[in-house]
Each structure stands twice: as C-alpha cells, then as structure tokens.
1. What is the chain's relative contact order, in percent, from Cα pairs under 8 angstrom and six or more apart in sequence?
2. For the chain, compute the number of Lys pairs whose alpha carbons are separated by less than 26 Å, excluding pairs fewer than 8 positions apart on the same chain.
3. What 222 nm value per residue comes from the helices of the chain, counting each DSSP H run with n ≥ 4 as -39,500 (n - 2.57) and dividing by all residues, nearest 500 deg cm²/dmol?
4. For the Cα atoms of the chain, what angle does the longest principal axis make with the long axis of helix 147-161, in degrees from 0 to 90, nearest 10?
5. Once you have a ≥ b ≥ c as the square roots of the Cα gyration tensor eigenvalues for the chain, tell me rounded if a/c is under 1.5, and otherwise prolate or oblate according to whether a/b is larger than b/c.
6. Could you please state how large a percent of the accessible area of the chain is carbon and sulfur, counting protein chains only and using a 1.4 Å probe?
7. If amide H atoms are built 1.01 Å from N in the plane of the peptide, which residues on other chains or at least 5 residues away come under 5 Å of the amide H of L132?
8. Compare D82, D21, D157 in a GNM of the chain, Cα atoms joined below 10 Å, and give the one with the largest fluctuation.
Amino acid sequence: LIEEEQEVTRILLELAHLVHDEPGLRSTLSAVAELDLIGAKAALSREWQLARAAVAPSGDFELRGLKHPMIEHCVPNDVVLDAQRRVLLITGPNMGGKTVTMKSLGLAVLMHQSGLFVSAATAKLPIVTDVLVDMGDEQSISENLSTYAAHLRNLSDILEKASPSTLMLIDELGSGTDPSEGASLAQAILEQLLLQGARGIVTSHLAPLKVFAFERTDIQNASMGFSVADLRPTYKLNVGQPGRSYALAIAKRLGLSSAILERAETILGPQGATVEKLLENLERERETLEHDAELARTARALS
C-alpha cells in the first residue's frame, strides 16, 4: 500500500513537471479564463434577460424599459439624456423609486463598460470616463464629518471632475441643512455642472429646484408616480412634470387631526400652497391626457 502511494506521488510529480515546463501553459490558461468569463456573461444575460447596448458616440444615454436587475418585479422606465436634456431632476415622495432609477442607470453604464449586457428592453450608451456619485449618508464620527459635510466633500470632487464624458448621479441634492440655503447652493452647483457639460440624474425634495428646472432647457423635471388613494408609489417615472411631496395628503389619509393639517397649511403659506395646487392640477391633466390617449389607441385597434 505504501509503495503504491509512493508510485502515485512520483507519477503526479512527473506530470506536474511536464505541465510546468510546457511553453504554452500560460496562454492556454489565459484563453480558458477568457472563455469562462464569456460563458459567465452569457449565462447572466440569459438568467436576467439582459439586452445588448449599442454604443452612442454622441454621448447620449437612451434606455427604454430600464430596470434594476436585482429587484424582483421592478417597474421599467425610460431614461433619456441628450445634448438638449442633459440632466434629469427627479422629485417626489420618499420611497417612490427615485434612487432606484438613478442606481439602475449607473449600473447599466458600468455593466456596459464591463462587457455585459444591460437590464433594459433597448439601450444606447456612451463610453464614459468616470461615474461621479453622491449617494447615501457618509457621516463619520472618527473623521468628525457630518452628513452635510460629507455631501459637500463628494460634491466638491464631482465639480472638479465633471465633464461631457462623465455621468453624474447625485441623490438628495441640497439636503442636510437649512432648506433655503440648501436650495440656493444646490442651484449654484447645478448651474456649474451644466456649464461643464455634465450629464446625469439629480434627485431632490426642494421646490426652488423644480422652478429652476422649469425655466431651463438643458435640465428637465421628472417625478415618480404616487397613488394618494392607495398610499403607495407606482414607481413610474413621469418625465416633464415635477413631483409633489404628498406630505399633507398622506397625513390626512392617515387620519391626522384636521386642526394640525389646517395649521400646517397656514404655516406653508399661500405661495407653497399655490405650488402644490399647481402640481396637483398638472398631475390631474396628465392623467386625463393619458386616459384619453389610451382610449384613442383602443379605438384605433378596434377599427
């Protein structure tokens, strides 16, 4: 038995030496690894039902039916960034899908540049030199860094690197400080980013930014759909319309006392109430137009 084990060891060592001295070993292993990677990419594309993205030399981002590949039953949305609409400002209630939409775009760009297919029905993407991100809370006790200071540090880095060849993803711009000062600083940052030719998605709750986006042609308002009747988000991206906060509507639906709601409306003031009412009317008109368009499509299909 011992002699048999020794012979097996001798043969294995001899074979190992033969393989080690083979001049084509490294190139063979490299080719096998490359084939294995290609196979893994193909398997992932089939499992996640991904699509091949075309390269857009113009620098435009065009994704139809964009989804986050790791979220089950994710609602698909269309995201388009071009020379005329370089920045998408997404507003609306919390947990409505703003951050997921932004992450979906960033993930699609990184997957595309890694040689992977992307989670969309169709896609055209440029090759970017950098993905500039300010997302989440990076406050640090050890570094004596507050939430606001952490955001400012990230934004400073983004301003330094932003260009037409980069993608920026900024979540909750202007948050973490006084709303009026935060809105002023956020607008100044957006103006500079647009001046540098940056493209990307910015999310915020600040009303002045909605007005700012409305007055410019290179940044477009957008919002995530929300059903007040059901108190739940629809996760549908509505491009061209700023989003409402729904704070008072949700509070009323949840049974908060009318006295508190009336006091909140008084504190909000006529200007704030007018903005919310305007957004409400715009949303109602959009829903009516979508309903009429659906009826027209149905009628044409039946004729």
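1. On the way: 433 pairs, mean separation 56.7, N = 303.
Once normalised by length, the contact order is 19 percent.
2. Lysine pairs satisfying the spacing and distance rule in the chain number 27.
3. Working: 8 runs with 151 residues, N = 303.
Calculated mean residue ellipticity at 222 nm is -17000 deg cm²/dmol.
4. For 147-161 against the chain, the angle is about 70 degrees.
5. Numbers: a/c = 2.31, a/b = 1.93, b/c = 1.19.
Prolate.
6. On the way: 10510 of 18170 Å².
Accessible surface attributable to carbon and sulfur in the chain totals 58 percent.
7. Amide H neighbours of L132: L167, M168, L169.
8. D21
The values are calculated or read from the model by the stated rules, or taken from the named source; none is laboratory data. A quick note: this is a predicted structure, and the numbers were derived from the prediction, not measured. Here the Cβ is made from the backbone with ideal geometry for all residues, glycine too, and neighbour counts use every protein chain on show. Protein only, heavy atoms only, side chains kept; ligands, DNA and RNA dropped before computing areas. Shrake-Rupley method; radii C 1.70, N 1.55, O 1.52, S 1.80 Å.
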